[in-house]
Amino acid sequence: MGFLRSVALLLAAQLARAQSPAPYPNSTSTNATNPVTNSGSMTNQTSPPKYPSPWGEGLGDWGDAYAKARAFVSQLTLIEKVNLTTGVGWEGEQCVGNNGAIPRLAFKALCLEDSPLGVRLSDFNSAFSSGQTIAATWDRGLFYQRGFDMGTEHRLKGVDIQLGPVVGPIGRAPEGGRNWEGFSPDPVLSGIAVAQTIKGMQAAGIMACTKHYIANEQEHFRQGGTNPVTGQPLADAISSNIDDVTMHELYLWPFADAIRAGTGSIMCSYNQVNNSYGCQNSYLLNYLLKGELGFQGFVMSDWGAQHSGVSSALAGLDQSMPGDAAFDSGTSFWGANLTIAVLNGTIPQWRLDDMAIRIMAAYYYVDRENNQVPDAPNFSAWTTDTFGYRNYIAKMGYQQINYHVNVQQEHGIDIRNQGSRATVLLKNTKKALPLTGMEALTGVFGEDAGDNAWGPNGCGDRGCDNGTLAMGWGSGTANFPYLVTPLTAIQNEILRSKRSPDVEGIVDNYAYTQIQTLATRVNEVRGAAIVFVNSDSGEGYITVDGNVGDRNNLTLWHDGEKLIQNISALCNNTIVVIHSVGPVLVDSFYNNPNITAILWAGLPGQESGNSIADVLYGRVNPGAKLPFTMGASRASYGTDLLYIPNQGNAAPQQNFDEGVFIDYRAFDKLGETPIYEFGY
């Protein structure tokens, strides 16, 4: 009885602490905290040390790969082993990441290239749907197919390691800038999707790199940066403070599935976890990843996420990317410094051997030696010029660097199918859908229906929201070989009709007079008004319309709500199509009787228009299900981002006080009624 009373008092104390005011702004709503677990998610929480770093043993089906790796590494000198572990620096060679070559054994530098939805910074490649979009299919076969197609394109470009897929961020808060790169805030759906994606990618003969490990849930302050209030630099990056239960049951879960699927590598993240940087956190890398989960591949740093030399090596980091301490600095935590550390005994020889063996084991595990292509890599990430410098930053090695190899095969067919299969039907009344193509007049409205005036690749790394939205922005992107817009696809659809009905489009959200005129005409002839709206986000090194990677809110962009209201007020057959990076607020229009249908189409990639036309006109039944929850308000989710540092110029502290209660779990716990629930 005394024990139970002590537990009750402890829980009461924790609950009282959870309900007390938190530093502004608090990223967990007071009533969303979980008193059972939040004692492990406190400000200035620490991470316990766990050493030594476990040796890779060749567990499971890794035995043959480890035998080959040990034989290869046994031939290497100290410097050659260091070459495997250390990148050559930003813009050092042709890929976004390259380690050092071993010329004596004719072993070329490994090529590491983004992204989780296609080959980044190249040409004649496909632009696939986002991870979040394909997750809406809930289809293992399509997860695998998309992974295999992407892996094939990377292999044919001469890439060794595709920097994807993503399960971090998992999507703790819906405003998170890179949520769209991952799959779902549900760990089971994310785990199944990442496993099948990895299997597909690696069956194509390249190594997958599952990222970002771990709790990298927002773009603000992920690398520190400047305090927007004081104007002073922050001492350190944000710390995601998480208890052990939440770590295992939510954030670690999909990484465990990735390891079971055989992922060749895992990328550690920029942020701190319990006030220890992700790439030198021995508890995360040595204990959880390589110990509990038995990870047999290698850990690479995110680009610039390494903050130390000796301590990161001992904590379990195996490969430094891009290799320089700061981009183009010419200095490195490893490289020559790693050589010295081994020679003077600071880092034991076996730790360096283990790093090298893990890298080579992943290489042999996917049979890279028998999946090479001529002139690899046959592109340059730094220019599309045919001739240029192989060593871009040093301006050395002038040669042909782009062979403009077309690797698309027939993947456009798959992308179109995947986009339509991922489209979620949220509302359909008055038998509005499917359309027949015989409507007297079809009005297509919204900037999201049309072209970017600068071209589909006119904004670097897709860092704008001009025209239809088919992917977010940042390093998780690829160049479009083409982009079929919704307006083009709908025009093509209707022009096939023998009755020659009319179709008109207005792709300026602010052309109020013209919108009013067309919407009125559509209504008078009992036609269909199709309104396209969007909401965008991306990586924090790009700011779009004041959004520093993360979204500032969950509203539609370009005054989307007003566009919908203006048209639906005049037309009683208004169909809304949403392209977005995650949940948006639909409370202002979802139950409007003049809005007869609503579709969520995600970020469908290059075949965007054709995919939505296949659904609108009945060729594909919209059988997808939401991979997240759409709530009535931002507060419904219980969690939010940290937009203002809460510790002055010290490392911002983001306490995951909600525990496992994110997305639909938070709605259940808080008694919130969603508008469209997870799985709808």
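The values are calculated or read from the model by the stated rules, or taken from the named source; none is laboratory data. This is a predicted model, so every value here is computed, not measured. Heads up, the Cβs are rebuilt from the backbone with ideal geometry, glycines too, and the neighbour counts pull from every protein chain shown. Please note that ligands, DNA and RNA were not included when accessible areas were found on the heavy atoms of the full protein model with its side chains. Shrake-Rupley method; radii C 1.70, N 1.55, O 1.52, S 1.80 Å.
The table for this structure:
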item	result
Between 0 and 90°, nearest 10: helix 2-19 axis offset from the chain longest Cα axis	60 degrees
In degrees, nearest ten, helix 63-73 long axis to first principal axis of the chain (Cα)	60 degrees
In nm, spacing of pseudo-spin labels at ASN621 and ILE413 (7 Å Cα→C-beta vector)	2.3 nm
FRET efficiency, ASN428 to ASN406 (Cβ-Cβ, R0 35 Å, nearest 0.05)	0.30
Antiparallel bridge percentage (DSSP; both residues within the range 445-594; nearest 5)	15 percent
The chain: C-alpha gyration tensor shape, a/c 1.5 cut-off, then a/b vs b/c	oblate
Estimated FRET transfer efficiency when R0 is 35 angstrom, pair TRP454-LYS498 (beta carbons, to 0.05)	0.40
The chain: antiparallel DSSP beta bridges as a percent of all, rounded to 5	30 percent
Burial order of peptide ranges 547-556, 353-362 (average beta-carbon count within 10 Å, highest first)	353-362, 547-556
Cα gyration tensor category, rounded, prolate or oblate, for the range 336-391 with a/c compared to 1.5	oblate
Length added when fully stretched, ALA440-ASP328, from 0.36 nm per residue minus Cα-Cα	34.3 nm
Alpha-carbon centroid distance for the pair the range 309-368 / the range 450-489, whole angstrom	38 Å
Disulfide-incompatible cysteines by the Cβ rule (no partner under 4.7 Å) in the chain	CYS209, CYS571
Accessible surface of the range 358-511, 1.4 Å probe, proportion on carbon and sulfur as whole %	48 percent
Euclidean distance of C-alpha centroids, the range 496-518 and the range 646-680, integer Å	41 Å
Antiparallel bridge percentage (DSSP; both residues within the range 528-680; nearest 5)	20 percent
Anisotropy class of the range 141-225 from Cα gyration tensor, a/c 1.5 cut	oblate
Segments 480-489, 527-536, 85-94, 49-58 sorted - mean Cβ within 10 Å per residue, highest first	527-536, 85-94, 480-489, 49-58
Inter-label distance, nm, simple model (7 Å from Cα along the C-beta direction), THR386/ALA632	6.3 nm
Estimated inter-spin distance, THR555 and THR346, nm [label 7 Å along Cα→Cβ]	5.3 nm
